[in-house]
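Below is one structure; the comments refer to it alone.
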Amino acid sequence: MLTHFTNQQIANMEKRARTALINSLSGFKSLNLIGTVDKGGQTNLAVFNSVIHLGADPALMGFISRPDSVERHTLENIKETGCYTINHVNADIFEKAHQTSARYKKEQSEFDATGLNAQYKNEFLAPYVQESNIKIGLYLKDIIPIEINNTQLIVGEIVELYFPNEIWDADQGIFDIEKAGTVAGSGLDGYHSTQLIKRMKYAKP
């Protein structure tokens with residue numbers, strides 16, 4: 001038996017239930033910790049499930065920043081310094097990563113609050129997550145407003161990348177992200193390990 005919801009039924013749902021439902025519809029999502037710092041040296045760390053690939057040349061990634069109904073420390077810091085890091089969440093740190101979604105005050109670093117360690121590399125201003133196995137440094141390139149719901153697409157260009165040698169297949173140009181322990185997310189609070197079914201060849205007509 002199938003359940004059927006109309007858009008009106010969805011709109012009439014209790015807010016938390018509606019949010020959880022709609023957040024689940026896109027399926028499994030990437031989970032990343034975004035690390036930032038302001039010009040005064042105050043660090044911030046927040047988990048995001050909206051990080052996406054935007055292009056390879058130039059190498060661009062994006063994520064969605066929600067409306068400014070509350071303080072958005074991640075976006076504020078990115079605007080201030082022009083840089084940030086994206087760090088894969090793995091099975092060893094997903095519980096601490098989840099805790100970064102709590103609404104801490106700006107002067108309270110989520111690194112300190114969760115026990116994750118800030119790591120600085122190669123004079124890059126923004127902090128990486130030491131416990132993450134795949135770490136990406138980016139410069140801010142664009143902020144694109146999405147007027148229908150007052151969100152913003154934050155576009156960054158990859159300027160450096162750190163990862164364990166053993167997860168890299170140089171011939172195919174791919175990561176074994178399962179070997180890196182990277183986890184996927186569902187909804188607002190689901191965390192999943194993954195299993196590769198098969199890697200397919202490039203499709204041609």
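Things worth noting here:
- Net charge, residue 75 excluded, C-beta distance under 10 Å - Lys, Arg +1, Asp, Glu -1: -1
- Entry note, the chain: relative contact order of 23 percent, from Cα contacts under 8 Å with a spacing of 6+ residues.
- In Hz, Karplus ³J(HN,Hα) per residue of segment 131-143 (6.51, -1.76, 1.60; θ = phi - 60°; x = Gly, Pro): 7, 7, 8, 10, 10, 10, x, 9, 9, 5, 10, 6, 10
- Gyration tensor over alpha-carbon atoms, the chain, equivalent ellipsoid semi-axes in Å: 27, 24, 18
- Calculated FRET efficiency, residue 162 to residue 21, Cβ-Cβ distance, R0 = 41 Å: about 0.65 to the nearest 0.05.
- Charges were assigned to the Cβ only: +1 to each Lys and Arg, -1 to each Asp and Glu. The resulting dipole of the chain about its Cα centre is roughly 620 debye.
- Integer Hz, Karplus 6.51/-1.76/1.60 couplings in order for segment 160-166, x for Gly and Pro: 7, 8, 10, 6, x, 3, 6
- As a proxy for reagent exposure, 188, 45 were ordered by neighbouring Cβ count within 10 angstrom, fewest first; the result is 188, 45.
- With θ taken as phi - 60° and the Karplus curve 6.51 cos²θ - 1.76 cosθ + 1.60 applied, the whole-hertz 3J(HN,Hα) list for segment 13-21 is 5, 4, 4, 5, 5, 5, 4, 5, 4 Hz, x standing for glycine and proline.
- Stretching the chain fully between residue 57 and residue 192 yields a gain of 45.5 nm (0.36 nm per residue, less the alpha carbon separation).
- The lysines whose alpha-carbon is closer than 17 Å to the alpha-carbon of residue 15, local same-chain residues fewer than 8 away aside, do not include any residue.
Computed from the coordinates by the stated procedures, all read-outs in this text should not be read as laboratory data. All figures in this text were calculated on a predicted structure; none of them were measured in a lab. Neighbour counts are summed over all protein chains in view; Cβ atoms, including those assigned to glycine, are modelled from backbone coordinates with ideal geometry.
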